Amino acid sequence: MEVHHHPHADPPNSWTHRKKFTHYVWEFLMLFLAVFCGFLAENFREQSVERHRETQFIRSYLEDLKSDTAAISRVLVFRYQKMQRMDSLMLLLSSQSADGQENELYYLGRTLIRTIWFRSNDRTITQLKNSGALRLIRNEQAADSMMSYQELVETINTNQEDDRNERSAAGPILSRMFDSFVFDKMVTATGINKPDNHPPLRSFEQNTRQDLAYYVHQLKAAILSLKTVWNCYMKKQKILSYF
């Protein structure tokens, strides 16, 4: 029987057929480079996604700021007009007699407890906080300003709560001075109308006038406080310039 010799059996010099050490080094380097390049690609992809999310959050936050700024401006305009009416009311309360001033007193007394509220559009900052995505805002000055703005919102909310308490406290005094049935006729779907027939007051005695004047003073202070806080913040932070 003929026996065929396997070509790889008993090689004349088996050492020459073994892989050299440099070959293993080269394979290791290629594997390392492949893994490293994959890591770089994944890291780049994550950074790209985060930059995109950061841009989206900033744009959304700017929209919130714009709506907040417009809302606060409306509140400040309303309160400035209210401040002027309260100045007039204080002047009338300092008088000894209401004769001939009843129409004005009723109007100023009824509008004293009217207000408009500022409510911050906090959709973006709430999402940033709840999702832990605030870290995506890489500009530290911008991130600090965002937090500072939230502190301002809390201050405004406290100011509005003080204003609400002062207006509520003024209610019983208004009911002692003014006829509630006259008030009821003054309020319509379009607003508050000033009476034109000089309806009599329930009381204009000194203690009642002094009590009401105190709450008018407190409400004026709340308006000045809000205006001061907002103006100082805008001058100091200039938040919109950070983006």
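The values are calculated or read from the model by the stated rules, or taken from the named source; none is laboratory data. Since the model is a prediction, treat every value here as computed from it, not as a measurement. Cβ: placed from backbone, ideal geometry, glycine included. Neighbour counts: every protein chain shown. For accessibility, only protein heavy atoms count, side chains too; no ligands or nucleic acids. Shrake-Rupley method; radii C 1.70, N 1.55, O 1.52, S 1.80 Å.
Would you calculate the separation in nanometres between label points at ARG202 and ALA71, each defined as 7 Å from the Cα along the Cα-to-beta-carbon direction? Reported label-point gap for ARG202 and ALA71 is 3.5 nm. About its Cα centre, the dipole of the range 133-207 is roughly 260 debye, where the only charges are +1 on Lys and Arg Cβ and -1 on Asp and Glu Cβ.
The convex hull of the Cα atoms of the range 133-203, projected and averaged over all directions, covers 8.3 nm².
Using 0.36 nm per residue, how much length does the chain from ALA143 to THR126 gain when fully extended, once their Cα-Cα distance is taken away? Roughly 4.7 nm would be gained on extension. Applying 1/(1 + (r/R0)^6) with R0 = 22 Å to the Cβ-Cβ distance of SER175 and MET83 gives a FRET efficiency near 0.40. Cross-link pairs exceeding 24 Å in C-alpha to C-alpha distance, out of LYS82/LYS194; LYS194/LYS227; LYS66/LYS194; LYS82/LYS227; LYS66/LYS129; LYS129/LYS220, comprise LYS194/LYS227; LYS66/LYS194; LYS129/LYS220. Only protein atoms count toward the accessible area here, which uses a 1.4 Å probe; on the range 177-232, the carbon and sulfur part of that area reaches 50 percent.
Let me know the whole percent of all Cα-Cα pairs from the range 93-243 that are separated by more than 23 Å.
53 percent
Using only alpha carbons, the range 73-161 has a radius of gyration to Kirkwood radius ratio (Rg to Rh) of 1.26. Each of SER94 and THR55 was given a label point 7 Å from its Cα along the Cα-to-Cβ line. The distance between the two points is 6.0 nm.
Using the Cα centre as the reference, give the magnitude of the dipole from point charges on the C-beta atoms of the range 155-195 (Lys, Arg: +1; Asp, Glu: -1; all else neutral), rounded to the nearest 20 debye.
About 200 debye.
Spin-label pair THR158-ALA189: with each label point 7 Å from Cα along the Cα-Cβ axis, the two points sit 4.2 nm from one another.
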